[in-house]
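Written out below as structure tokens is the structure these notes cover.
The values are calculated or read from the model by the stated rules, or taken from the named source; none is laboratory data. All values reported here derive from a predicted model rather than from experimental measurement. Every residue, glycine as well, gets a Cβ built from its backbone with ideal geometry; the counts of neighbours run over all protein chains shown. Accessible surface areas use protein heavy atoms only, side chains included; no ligands, DNA or RNA. Shrake-Rupley method; radii C 1.70, N 1.55, O 1.52, S 1.80 Å.
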Amino acid sequence: MSAATAPDGMVAGLDLMQRALDYTSGALGTITCADVDRPTPCAGWSLADLLAHMEDALDAFSEAADGAVGLSSAAPTPVKARVQSLQVKACALLGAWLNADRPYVDVGGHPLPVDAIARIAALEIAVHGWDVGRATGRGGPLPEPLAAALLPSALRIALAGDERFAPPLPVDIEAPAGVHVLALLGRRP
């Protein structure tokens, strides 16, 4: 399936993924070697830990484009090489999804629609991009149009009690969408 022949929902998921990758690429560009041991918004995680997790996640989401997700773990790498690897994998991720030809992805024996996986990937990529920016002190907020598009996925994850993220935090109902997305995933902007 290509973007031209993909169902409308998948095209929207790919667009969302691209926007998340663009945002996160900017955050990755702020990292210096001096930042590697900085704490992230995830309790007990250093920036090096987060980068390794992000690399694993990009690998898994790329595998998902072929119809199934396996488990992997990135070996420790110098921060400059890790950031370059993340940038290369981010480009490959979008290419893999543009060529995806299956309507479902097998995740641990549970078939999920490809659009759902693309939206989850976009959410994870964007939120971890925000985490990187917070760790370096040089990142910006989630752009509101991106955050508004991510909000339904964040809400689903929070309601499902997904343990990959911290428990949701309370937030003022009038807060911007970006604040809601982050709070739903246990982050305090």
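Numerical summary
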{"item": "Matching entry among Gly129, Gly109, Gly139 (being in contact (Cβ under 8 Å) with a residue 12 or more places away in the chain and open to solvent by 10 Å² or more (accessible area, probe 1.4 Å))", "result": "Gly139"}
{"item": "Test for Ala148: is it open to solvent by less than 50 Å² (accessible area, probe 1.4 Å) and either among the hydrophobic types (A, V, I, L, M, F, W, C) or modelled with pLDDT of 95 or more (or both)", "result": "no"}
{"item": "Selection from the range 12-36 of residues that are farther than 16 Å from Ala52 by Cα, open to solvent by less than 60 Å² (accessible area, probe 1.4 Å) and in a helix (DSSP H, G or I)", "result": "Ala12, Gly13, Leu14, Leu16, Met17, Ala20, Leu21, Tyr23, Gly26"}
{"item": "Those residues of the range 32-50 which are of a type in the set (A, V, I, L, M, F, W, C), farther than 27 Å from Glu163 by Cβ and in contact (Cβ under 8 Å) with a residue 40 or more places away in the chain, in sequence order", "result": "Cys33"}
{"item": "From Arg188, Arg164, residue being surrounded by fewer than 16 Cβ atoms within 10 Å (Cβ to Cβ), out of contact with any Cys (no Cβ under 9 Å at 6 or more places or on another chain) and touching a residue at least 60 places away in the same chain (Cβ under 8 Å)", "result": "Arg188"}
{"item": "Top-ranked residue of the range 37-52 - restricted to ones that are over 16 Å from Arg82 (Cα atoms) and of a type in the set (Gly, Ala, Ser), ranked as least open to solvent (accessible area, probe 1.4 Å)", "result": "Gly44"}
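One line per residue, one yes/no per condition, for (1) out of contact with any strand residue (DSSP E or B) (no Cβ under 7 Å at 6 or more places or on another chain); (2) on the phi < 0 side of the Ramachandran plot:
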position	(1), (2)
Glu63	yes, yes
Cys91	yes, yes
Gly95	yes, yes
Leu112	no, yes
Ala126	yes, yes
Gly137	yes, no
